[in-house]
Amino acid sequence: MRTTSVRKLLPEAWGFLCPVHTPDGTPCGLLNHLAAACRVVTSTPPTVHLPKLLVSLGMTPLGAPTVAVGDTGSSSVSVLLDGRVVGEVSQAQAAEIAIKLRTLKALGKEKVPSTLEIGLVPVLTGGQYPGLFLMSGPARMVRPVLNLSTNTTEMIGSFEQVYMDIAVVPEEAIKDATTHMELDEKAMLSAIAQLTPYSDFNQSPRNMYQCQMGKQTMGTPAHSLPYRMDHKLYKLQTPQVPMVRPYAHDHLKIDNYPHGTNAVICVISYTGYDMEDAMILNKASYERGFAHASVYKTELIDLQSISKDRGGANLQFGVLPGDNTAKTGLEGNGFPPIGAYLQEGDAFYSYVDLDAGVSKVSYYKSIEPAYLEQIKLLGDESGEGRLQRVFLKLRVNRNPIIGDKFASRHGQKGICSQKWPVENMPFTESGMVPDIIFNPHGYPSRMTIGMMIETMAGKSAALHGLCHDATPFTFSEDNSAVDYFGRLLKKGFCSNYVILCASILYLLHNETKFVQVEVTH
């Protein structure tokens, strides 16, 4: 059985469903995401006055004696408002009424709802049933376009846009035929897809992969971290804002929640540890904090639950007087001090059985060492009961190790295969040492030209101290990205910009001599 038809995006999905943001594999084309500009109508505007307005525009009401109910002749078509037939008009009048009604809608006159969908289906051989269909109900998708006749923004629906002439760029507009134009060339993309720099230069599957991995990256998930007690939360300790960014990055205020790191990359085949999508990490960069992260975990200690398991014992947090708390590492309240370093087998918390007069110490069981970040005391529903529940918030250092997954913003994913000593890394004549070594064989088959352009733009941004615009569909054959950034690199004292600003790197080979290597980075 063929399963490809249901996965395809049809013309009515343009601008409403993102053609890039969908998973690869089994759910491809089935699990879709809304485009960034798409909105869902959530309310029902008043439409009681619309039938009277339609009559004034030329519609014949359904109860008029000149209309034969049930007449299916080709001379007239039905007018439906939210699925209810309200009248009939001739084929010529239907087009005029649709144009006039759309103009009133775009100008906000006669109380025509701004989200009203005006779908005029012409009389054709085959296709949908002809008529003038007006829809105003909720649970519909609408998106903004430019109405050329009124020069205003108009919200259109997925049903009507199939029968409209909408140009994407001004060069596509046809005189006396094109009625609308897209507000933005990238309006068809979702918010995540718009964050990929120079995505129009990449092979489409790589943009799909990036939409998935962009949501998986470590970053800054929330600013309320001191007040949250999540079961598990990941945070990059030193995130950076990108020097090469599309317009959506600033529009969506992604800098408020930074994720990722700017890295100095050397594109060279070196040591063999960078084969098959692997990458080499500079050990010195790692030791200075490159890509260091933390995992925040929360442990709930509930004495009521423990008491039930012990037959209803009377328990409370703490240590019996006279116990050697220094030996266990616990304070008098039964918990380690804030900031304590916990390893497997260390004392985690203690509680006292008031009936038996003994204290019980529980030990830290995880194999991952952690720091005690916070202790949160929880009351009961009345707020007056005895303390029985506590949240212990732990911080686990999750720094890069061999086998960790890294990725660029172009779907180029791989693992860290080795932490290479800095004395064996290639370096420039100015002493710059790369953070990452990336194998050039990862470019040809993946065709991520956008990543190569971002490399040029990133070096230019560092040389000139500015951020470059990486919005897709900005460059063209007449104004190519390579020429633009090549000129900037030449101004930034990088003379050999013809081959992507190649630099001379030196490599200490066998600890006896220097080998001059010319690479791009």
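The values are calculated or read from the model by the stated rules, or taken from the named source; none is laboratory data. Everything numeric here is computed off the predicted structure, so don't read it as measured data. Please note: Cβ atoms are built from the backbone with ideal geometry, for glycine as well, and neighbour counts cover all protein chains shown.
Across region 266-299, what is the number of residues that are part of a strand (DSSP E or B) and within 18 Å of LEU505 (Cβ to Cβ)? Matching residues across region 266-299 total 6. Among the criteria (1) assigned to a strand (DSSP E or B); (2) acidic (Asp, Glu); (3) surrounded by fewer than 17 Cβ atoms within 10 Å (Cβ to Cβ), the one GLU373 does not fulfil is (3). Consider region 373-401 and keep the residues that are touching a Gly at 6+ places or on another chain (Cβ under 8 Å) and of a type in the set (Gly, Ala, Ser). The one that is nearest to LEU281 (Cα to Cα) is GLY379.
Looking at the structure I just gave you, is ASN333 of a type outside the set (A, V, I, L, M, F, W, C) and over 30 Å from the mean Cα position of the chain (by Cα)? Give the steps one after another, and end with the answer.
Working: of a type outside the set (A, V, I, L, M, F, W, C): yes; over 30 Å from the mean Cα position of the chain (by Cα): yes.
Yes.
Which residue out of VAL162, VAL89 is surrounded by fewer than 22 Cβ atoms within 10 Å (Cβ to Cβ), among the β-branched types (Val, Ile, Thr) and not in a loop (DSSP other than H, G, I, E, B)?
Being surrounded by fewer than 22 Cβ atoms within 10 Å (Cβ to Cβ), among the β-branched types (Val, Ile, Thr) and not in a loop (DSSP other than H, G, I, E, B) holds for just one of VAL162, VAL89, which is VAL162.
Looking for something in contact (Cβ under 8 Å) with a residue 60 or more places away in the chain and either assigned by TED's automatic domain parsing to the domain that holds SER307 or not in a helix (DSSP H, G or I) (or both) - is there at least one such residue anywhere in region 376-384? Walk me through it before giving the result.
Of the residues in region 376-384, the ones in contact (Cβ under 8 Å) with a residue 60 or more places away in the chain are 376.
With either assigned by TED's automatic domain parsing to the domain that holds SER307 or not in a helix (DSSP H, G or I) (or both) added as a condition, the list becomes 376.
Yes: region 376-384 contains one or more residues that are in contact (Cβ under 8 Å) with a residue 60 or more places away in the chain and either assigned by TED's automatic domain parsing to the domain that holds SER307 or not in a helix (DSSP H, G or I) (or both).
Within region 420-443, residues that are assigned by TED's automatic domain parsing to the domain that holds TYR506 reach partners that are among the basic types (Lys, Arg) with beta carbons closer than 9 Å, at six or more positions or on different chains, in the pairs TRP420/LYS283; PRO421/LYS283; VAL422/LYS283; MET425/LYS283. Taking MET432 as the residue in question, decide whether it is surrounded by fewer than 18 Cβ atoms within 10 Å (Cβ to Cβ), more than 27 Å from the chain's Cα centre (by Cα) and at negative phi. It is true that MET432 is surrounded by fewer than 18 Cβ atoms within 10 Å (Cβ to Cβ), more than 27 Å from the chain's Cα centre (by Cα) and at negative phi. When the test is whether a residue is touching a residue at least 12 places away in the same chain (Cβ under 8 Å), within 30 Å of PRO421 (Cα to Cα) and surrounded by 15 or more Cβ atoms within 10 Å (Cβ to Cβ), VAL319 does not pass it. Scanning region 189-209 for residues that are in contact with an Asp or Glu (Cβ under 8 Å, 6 or more places away or on another chain) and in a loop (DSSP other than H, G, I, E, B) yields PRO197, TYR198. Reported count of residues in region 120-152, each being surrounded by 13 or more Cβ atoms within 10 Å (Cβ to Cβ) and out of contact with any His (no Cβ under 7 Å at 6 or more places or on another chain), is 21. Which residues, counting only those in region 271-286, are within 11 Å of MET425 (Cα to Cα) and crowded, with 20+ Cβ neighbours inside 10 Å? ILE280, LEU281, ASN282, listed by residue number. Going through (1) closer than 14 Å to LEU54 by Cα; (2) assigned to a helix (DSSP H, G or I) one by one, ALA106 falls short only on (1). Within region 229-255, the set of residues being farther than 23 Å from CYS18 by Cα, in contact (Cβ under 8 Å) with a residue 24 or more places away in the chain and not aliphatic (A, V, I, L, M) comprises ASP230, HIS231, LYS232, TYR234, LYS235, GLN237, THR238, PRO242.
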